[in-house]
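What follows draws every value from the coordinates through simple rules; no lab data is involved. Quick caveat: nothing in here was measured; it's all calculated off a predicted structure. Backbone-built Cβ (ideal geometry, glycine too); neighbour counts: all protein chains shown.
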Amino acid sequence: MLLRLSYTWRVRSFRVFSRNLQTQAQYEYPPRDDQDDGSFLPRSGLATPRQLVRYLDEYVVGQENAKKVLSVAVFNHYTRVRANLAAFEDENGADPWAEASSDDAVSSAQIHPHPQRLLPHQSSLQHRQPVSLFEKSNVLVIGPTGSGKTLLARTLARVLDVPFSVSDATSFTQAGYVGEDVDMCIQRLLQAANWDPYRASTGIVYIDEVDKIARKSSTTTESSRDVGGEGVQQALLRMMEGSVVTVQGKPPPLDPPTPAGRGRGMPATAQQRPDTYHIDTSNVLFVLSGAFVGLDTVVKRRVSKGSIGFTATIAPKDEDEDSKGFMPFFTSNRRSSENLLEMIEPADLVKYGFIPEFISRLPTITTLSPLSTQDLRRILTDVRGSLISQYTALFGYSGVEIRFTTIAIHQICLRAVERGGGARGLRGIMESLLLDAMYEVPGSVRCFFSLTTTHVNGV
């Protein structure tokens with residue numbers, strides 16, 4: 001009887017041992033259908049460029065080429081980030097068995113097959129070729145004010161759920177001078193990531209008004225330094241290409257002291273943050289934008305062919321005066337016969353005032369065209385978060401219903417085209433038209449307001 005019980009106990013213990021025993025092959029054996037596929041990179045869960053463009057169409061009107069360029073650039077960038085991280089993990093050779101739980105009755109037996117027993121068609125998997133690291137492609141967006149440059153980048157950052165920071169290049173100066181250092185854009189990115197350095201190292205940095213840091217050759221002498229122009233370009237070089245930036249940490253807020261009479265528990269200590277953060281910008285996408293007033297003149301001089309004689313083609317006098325005379329406050333929305341900005345080359349940007357090293361770090365260049373009357377009409381009525389829907393909700397909080405006639409909407413769009421400024425100019429016109437209504441209607445007994453052509457022509 002004792003022998004039988006001992007035999008039964010041995011059988012049960014062997015079953016428990018066999019359950020806890022784990023084996024892992026040293027070499028991976030892919031299915032036969034996937035043997036010809038030499039890609040070892042994980043599939044990215046990002047939306048495709050077509051899906052990104054469809055998402056942008058809900059918020060941004062027109063600019064089809066710019067949407068395509070930005071969607072492809074963002075998709076390729078984050079695919080590159082995932083590929084580089086996967087290649088980095090493969091090079092480190094992390095052992096998944098090192099994380100085995102110590103609570104198991106029997107530790108895993110790391111049994112590996114002998115390399116000489118591999119099949120001939122599987123021997124190619126024994127030594128994997130290291131995947132080459134991909135270089136990133138920063139983006140330069142050129143377009144008039146109010147055409148949707150900032151909205152495009154902000155919408156892409158929202159759909160991708162990545163940290164996004166906006167900085168103004170006009171406040172940047174060279175290190176050691178009065179003004180902001182270029183490291184401030186990385187500090188804003190770290191703040192947008194809730195002080196998480198890992199998320200900040202894969203975010204998007206948007207720098208607006210980058211045309212203001214162009215080299216001013218007329219106002220800069222040999223004895224003075226262009227600290228706000230060429231000096232800023234030199235400071236941005238290594239950051240855009242990829243370097244480790246040291247950012248000062250923000251101290252955590254101090255909690256109010258707990259009264260002594262309310263319990264004897266230990267006071268809660270605030271989470272200590274490091275004094276400095278080290279952010280690697282190798283996986284940070286830089287999107288630079290600006291209006292670049294006067295760049296079309298540089299392109300026109302390069303495209304036009306000089307000639308002499310009676311049949312020489314001479315540019316009209318009014319076009320030269322418009323480009324060299326007084327610069328208007330708003331960029332005009334009127335479309336020219338040909339968009340010269342679409343023919344921009346890196347040499348044109350160098351003549352505009354940028355150093356060649358700075359332009360070479362912006363391989364992707366896209367342009368935005370001025371908004372037409374149809375585009376402004378869609379901004380008023382069609383897109384998500386349109387101006388009319390915003391003002392309708394604003395009046396709705398006061399219990400007032402507001403309506404716009406079709407002719408009034410068309411007149412507003414024509415006024416916006418003449419005024420310039422794109423979508424920002426359109427909002428300025430709406431504020432002027434609805435000023436009296438927003439002043440008188442709230443708190444009154446009136447519950448309906450209609451905007452007609454009388455109100456539009458009266459302003």
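What distance in nm lies between label points placed 7 Å from Cα along the C-beta direction at HIS278 and TYR397?
Inter-label distance under the simple model: 4.7 nm.
Which whole-number percent is the relative contact order of the range 373-458 (Cα, under 8 Å, 6+ apart)? Please report the intermediate quantities before stating the final value.
Numbers: 77 pairs, mean separation 32.4, N = 86.
Relative CO of the range 373-458 lands at 38 percent.
Report the extension gain between THR246 and LEU414 in nm, rounded to one decimal, defined as 0.36 nm multiplied by the number of residues separating them, less their alpha carbon distance.
Values: separation 168, 0.36 × 168 = 60.48 nm, distance 4.99 nm.
Length gained between THR246 and LEU414: 55.5 nm.
Taking θ as phi - 60°, what are the ³J(HN,Hα) couplings along the range 182-190 by the Karplus curve (6.51, -1.76, 1.60), each to the nearest whole Hz, with x for Gly and Pro?
Here the 3J(HN,Hα) series is 5, 5, 5, 5, 6, 5, 5, 5, 5 Hz.
Please state the charge dipole magnitude for the range 373-458, taken about the Cα centre, from unit charges on C-beta atoms (+1 on K and R, -1 on D and E), reported in debye and rounded to the nearest 20.
Values: 9 positive and 7 negative charges, 41 e Å.
With Lys and Arg at +1 and Asp and Glu at -1, about 200 debye.
Report the FRET efficiency, 1/(1 + (r/R0)^6), for LYS68 and LYS351, where r is their Cβ-Cβ distance and R0 is 22 Å, rounded to 0.05.
That gives a FRET efficiency of 0.20.
For a quick check of your reading of the filter: which chymotrypsin sites (Phe, Trp or Tyr not before Pro) in the range 360-459 sit in a DSSP loop and have no more than 10 other Cβ atoms within 10 Å? Don't skip to the answer; put the middle values down first.
Values: sites: TYR391, PHE395, TYR397, PHE404, TYR439, PHE448, PHE449; in loops: TYR397.
Hits after loop and neighbour filter: TYR397.
Just grab the label-to-label distance for ASN339 and MET184, each label 7 Å out from Cα along the Cβ direction, in nm (one decimal).
Reported label-point gap for ASN339 and MET184 is 3.3 nm.
Step through the table entries LYS68/LYS149; LYS68/LYS212; LYS136/LYS212; LYS300/LYS351, compare each Cα-Cα distance with 19 Å, and write down the pairs that go over it.
Numbers: LYS68/LYS149 13 Å; LYS68/LYS212 26 Å; LYS136/LYS212 25 Å; LYS300/LYS351 12 Å.
LYS68/LYS212; LYS136/LYS212, as the Cα separations exceed 19 Å there.
Net charge near VAL53, counting Lys/Arg +1 and Asp/Glu -1 over other residues with Cβ under 9 Å of its Cβ? Could you put the intermediate results ahead of the total?
Values: positive: ARG50, ARG54, LYS67, LYS68; negative: ASP57, GLU64.
It works out to a net charge of +2.
I need the trypsin sites (Lys or Arg not before Pro) found in the range 345-452, filtered to DSSP loop residues with at most 14 other beta carbons within 10 Å of theirs.
Working: sites: LYS351, ARG361, ARG377, ARG378, ARG384, ARG403, ARG415, ARG419, ARG424, ARG427, ARG446; in loops: ARG361, ARG384, ARG446.
Here the trypsin sites (Lys or Arg not before Pro) that fit, given the DSSP loop and packing criteria, are ARG384, ARG446.
At 0.36 nm per residue, minus the direct Cα-Cα distance, what do ARG238 and SER137 gain on full extension? Give it in nm, one decimal, please.
On the way: separation 101, 0.36 × 101 = 36.36 nm, distance 1.39 nm.
Extra length from ARG238 to SER137 when fully extended: 35.0 nm.
Each label point is 7 Å from the Cα along the Cα-to-Cβ direction; what then is the distance between the points at TYR439 and GLU58, in nm?
Label at TYR439, label at GLU58, 3.9 nm between them.
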